[in-house]
Amino acid sequence: MISRALCEEVLAAAASTGADYAELFAEKTFNRSVSMLDSRVQQSNDNVVAGVGIRVFKGLRSVAASTVDTSREGLLRCAGQAAAALGEGTAQISIVLRERLYGDIHPVRLVPGSFRPAEKADILKKAYFAAKNADPAIVQVQGNLLDVDHNILVANSEGVYAKDRQIRVRLTVNAVADKGEGTQTGSASPGARKGLEFFTENVDPEAVGREAARQALVMAGAGYCPAGLMPVVIDNAFGGVIFHEACGHSLEASSVAYGTSQFAGKLGQQIANEKVTAVDDGTILNAWGSINFDDEGTPSHRNVLIENGILKSYMIDKFGGRRMGMAPTGNARRESYAYVTTSRMTNTFICAGDDSNDDIISSVDFGLYAKAMGGGSVNPATGQFNFSVREGYLIRNGKVAEPVRGASLVGTGSEILMKIDMVGKELERAQGMCGSSSGSIPTDVGQPMIRVSSITVGGR
């Protein structure tokens, strides 16, 4: 993308007014998608994001600038703007870059960019029509097949000069069902850091469509959930969004470093039930949220966040690490060159435990089984959250009973962690896009089935 010699020149210009750290992030990303509605392909989009972000530190001051002009003149101009914003001073560091090859543990066999839109549409059609034809009560289906080819270069004053290519694919199907009592939606959206082989080796597109339809049909026939304080069983895979949102964001340096996290200053303390061990792992083979190195050039890690209920570590970027006096953990991420990097999750999940799913369900006399979670909101400072349940069932006398709609879970992250008193054996992960100050990035969430002894359920 940009030669090592030019990167050295640009970084030296950025650091010319006294910066003690300088960084250049360059990208060229190809985003392609095919979408379907009303039984036909509606759109085939293809766009490119390309540019450079430059950042400098001086103690606990940080300045960032970006440009789409990647000529020598354009890059030096951008570097000069960052240097001028930092203030007056003289160069304190010398820039010598050495290429680093971190390796790639995420093999891709069928590069999506080498396939025509019509060939990708064939995959999407299988999922779309499997959902549409599942039942006469399915009244609408939307489908999308996304592939991303994200090429990055990171160079910094610590000597890093490294490139990476991140290819990801994701299939999303949303189905709407109407059984005469109002419409309900079901969805399925698997993805991976793989090529189109994902849809032959790992995921059956027709099964994706059928799952979206099944969920919509179940919920279209459901009554409303009762409200109150009760035990809740949360299933695996996307159920992990509860930990991601209500707890994970509070373990990022972006809030911990400023003392605005509910878990700031609690390293070594018990913050969860002893059955809870939670990990952020960016090294998982072909996982949606995996990275070889982060957007500051730090190698990806498997970070144990909570071990047997004890807070062991945070997720830390370079600037957050400066404020905390701690080393970066490979969690610095950004949507694109136009965003300022900060600490973010990769693949974050609660590890498998020792309880069987049958025992977890049978332990509840009356409560809610949240089979699939929806969206929600959280305040990282307080940990207060509110999440919708996309597919839920009442549990009566230790048995999963009738489906219920309109359920939501309300509480705080610190509260829910202490009340997770049963953890199942079957860990699964699911894919999502996480939005924060550095934009929207791909992340995995996950967990086995868990039981929360009591939580406020919103309903009717």
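Details
- Only one of R333, R322, R344 that is among the basic types (K, R), modelled with pLDDT of 95 or more and surrounded by fewer than 24 Cβ atoms within 10 Å (Cβ to Cβ): R322
- Being in contact (Cβ under 8 Å) with a residue 12 or more places away in the chain, in a strand (DSSP E or B) and of a type in the set (S, T, N, Q) is true of S388.
- Of the strands (runs of 3 or more DSSP E) that lie entirely inside region 259-358, not one contains 2 or more residues that are touching a His at 6+ places or on another chain (Cβ under 9 Å), hydroxyl-bearing (S, T, Y) and at positive phi.
- Of everything in region 76-98 that is part of a loop (DSSP other than H, G, I, E, B) and within 35 Å of the chain's Cα centre (by Cα), the residue that is nearest to V56 (Cα to Cα) is I95.
- Subset of region 183-217 (residues that are within 29 Å of G282 (Cα to Cα) and basic (K, R)): R193, K194
- Hey, D147 in contact with an Asp or Glu (Cβ under 8 Å, 6 or more places away or on another chain), crowded, with 17+ Cβ neighbours inside 10 Å and of a type outside the set (A, V, I, L, M) or not: no
- Residues within region 44-75 that are without any contact (Cβ under 8 Å) to a residue 24 or more places away in the chain and assigned to a helix (DSSP H, G or I), tallied: 2
- Scan of region 445-456 for residues that are surrounded by 18 or more Cβ atoms within 10 Å (Cβ to Cβ) and either out of contact with any Ser or Thr (no Cβ under 7 Å at 6 or more places or on another chain) or of a type in the set (K, R) (or both), ordered by number: G446, Q447, P448, M449, I450, R451, V452, I455
- Filtering region 419-436 to residues that are under 15 Å from G248 (Cα atoms), out of contact with any Phe, Trp or Tyr (no Cβ under 8 Å at 6 or more places or on another chain) and in contact (Cβ under 8 Å) with a residue 40 or more places away in the chain leaves C434, S436.
- Restricting attention to region 35-69, the residues that are in contact with an Asp or Glu (Cβ under 9 Å, 6 or more places away or on another chain) and either more than 27 Å from V340 (Cβ to Cβ) or among the aromatic types (F, W, Y) (or both) total 1.
- Hits in region 21-71 - residues which are basic (K, R), under 30 Å from A130 (Cα atoms) and touching a strand residue (DSSP E or B) at 6+ places or on another chain (Cβ under 9 Å): R32
- Checking each residue in region 422-452 for being part of a loop (DSSP other than H, G, I, E, B) and hydroxyl-bearing (S, T, Y) picks out S437, S438.
- The listed residues are G239, G195, G248, and the only one of them that is more than 16 Å from the chain's Cα centre (by Cα) and either farther than 23 Å from K425 by Cα or not in a loop (DSSP other than H, G, I, E, B) (or both) turns out to be G195.
- Residues satisfying the stated conditions in region 332-376, i.e. among the hydrophobic types (A, V, I, L, M, F, W, C) and in contact with a Ser or Thr (Cβ under 8 Å, 6 or more places away or on another chain): A332, A338, V340, M345, I350, C351, M373
The values are calculated or read from the model by the stated rules, or taken from the named source; none is laboratory data. Since this is a predicted model, take the numbers as computed values, not measurements. Every residue, glycine among them, receives a Cβ derived from its backbone with ideal geometry; neighbour counts consider all protein chains shown.
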